[in-house]
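Colleague: Below you'll find the structure I mean.
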Amino acid sequence: MSNLDKLRERHDLEKFAFSNLSDLEKAKHQVRMFSIYSKNPWRFQEDCVFTLNQVAQDNAVQPYPSNLEYLKLLTSLWLKELLIACPKSRRMFCSWNFISLYLGDTIFRQGRFNAFVSKKEDDAGDLVGRAEFIYRNIPEWRIPKALLPKLKNGRMSKQPPIMEFEEINSKIQGMPQGADQLRQYTFSGILADE
């Protein structure tokens, strides 16, 4: 059995166990888990994050690869360090990892302003689009939509690329690289990705 199959099986077994709970037990479990996810980014990634694998022959939507030890290390570093430089190669899930961390920071905390910076605004918009993909694919049985902050206008804005959650005054905005692009802003965090 592949690691991906093991991850899918874990999600399926947990969903089956959840489905056997009473409605009251389900609600209590979801509220308790929401509290855990809001304080534990790794747990949020393990349980709630799904990625999009464009080269997969089937099942392009895949569970976050929590079996990859380097992702746990990078998450731990992100929690402890103010600045991380992470040289990487393709297909390492580093972008997905950091995007999911900043998404969690944005949806679980008030007043966050996180920037995703890339070569051009379109590229930065692709990063924000990945955050929206993760947000939209959080399993309802893990975190009900009623507990998540609502996206302004129901979706991310394309120009400029931004995911805004007005009710908690938090957002992620995509920005192009450049000496003066970030100057006028004060960010909670910045993801600069190729």
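Colleague: Considering only the other residues whose Cβ falls under 15 Å of the Cβ of Leu7, what net charge follows from Lys and Arg at +1 and Asp and Glu at -1?
Modeller: Net charge around Leu7: 0.
Colleague: Just list whichever of Lys88/Lys150; Lys150/Lys171; Lys120/Lys145; Lys26/Lys145 have alpha carbons separated by over 22 Å in the model shown.
Modeller: Lys88/Lys150; Lys120/Lys145
Colleague: Kindly write out, for the stretch 22-32 in residue order, the coupling ³J(HN,Hα) from the Karplus curve 6.51 cos²θ - 1.76 cosθ + 1.60 (θ = phi - 60°), rounded to whole Hz, with x marking Gly and Pro.
Modeller: Listing the rounded values in order: 6, 4, 5, 4, 4, 4, 4, 4, 5, 5, 4 Hz.
Colleague: Send over a whole-number figure in Å² for the accessible area per residue of the stretch 1-146, probe 1.4 Å.
Modeller: With the other protein chains kept in place, the stretch 1-146 gives 56 Å² per residue.
Colleague: Here is a further query. What fraction, in whole percent, of alpha-carbon pairs in the chain exceed 20 Å separation?
Modeller: Every Cα pair in the chain considered, those over 20 Å come to 57 percent.
Colleague: Quick one: net charge of Ser118's neighbours, Cβ under 9 Å, K/R +1, D/E -1?
Modeller: Residues near Ser118 contribute -4 overall.
Colleague: From the phi of every residue in the stretch 107-113, what ³J(HN,Hα) in whole Hz does the Karplus formula 6.51 cos²θ - 1.76 cosθ + 1.60 yield, where θ is phi - 60° and glycine or proline is x?
Modeller: Result, rounded to whole Hz: 8, 9, 10, 7, x, 8, 9.
Colleague: Still on this structure: Taking a ≥ b ≥ c as the square roots of the Cα gyration tensor eigenvalues, with a/c under 1.5 meaning rounded and otherwise prolate when a/b beats b/c, else oblate, which class fits the stretch 1-114?
Modeller: oblate
Colleague: To make sure I understand the rule: partners must be aspartates and glutamates, Cα under 14 Å from the Cα of Lys152, and not fewer than 8 residues away in the same chain. Which ones qualify?
Modeller: Glu132, Glu164, Glu166, Glu167
Colleague: Would you grab the residues whose amide H sits under 5 Å from the one on Met175? Only those 5+ places off in sequence or on another chain, please, with H modelled 1.01 Å from N.
Modeller: Phe116, Val117, Ser118
Colleague: May I ask you to list the aspartates and glutamates whose Cα is less than 12 Å away from that of Lys119, ignoring any residue fewer than eight positions away on the same chain?
Modeller: Partners within reach: Asp193, Glu194.
The values are calculated or read from the model by the stated rules, or taken from the named source; none is laboratory data. For clarity, every value in this text was computed on a predicted model and none was experimentally measured. Note: ideal-geometry Cβ built from the backbone for every residue, glycine included; neighbour counts use all protein chains shown. We work out accessible area using only protein heavy atoms, side chains counted, and drop any ligands, DNA or RNA first. Shrake-Rupley method; radii C 1.70, N 1.55, O 1.52, S 1.80 Å.
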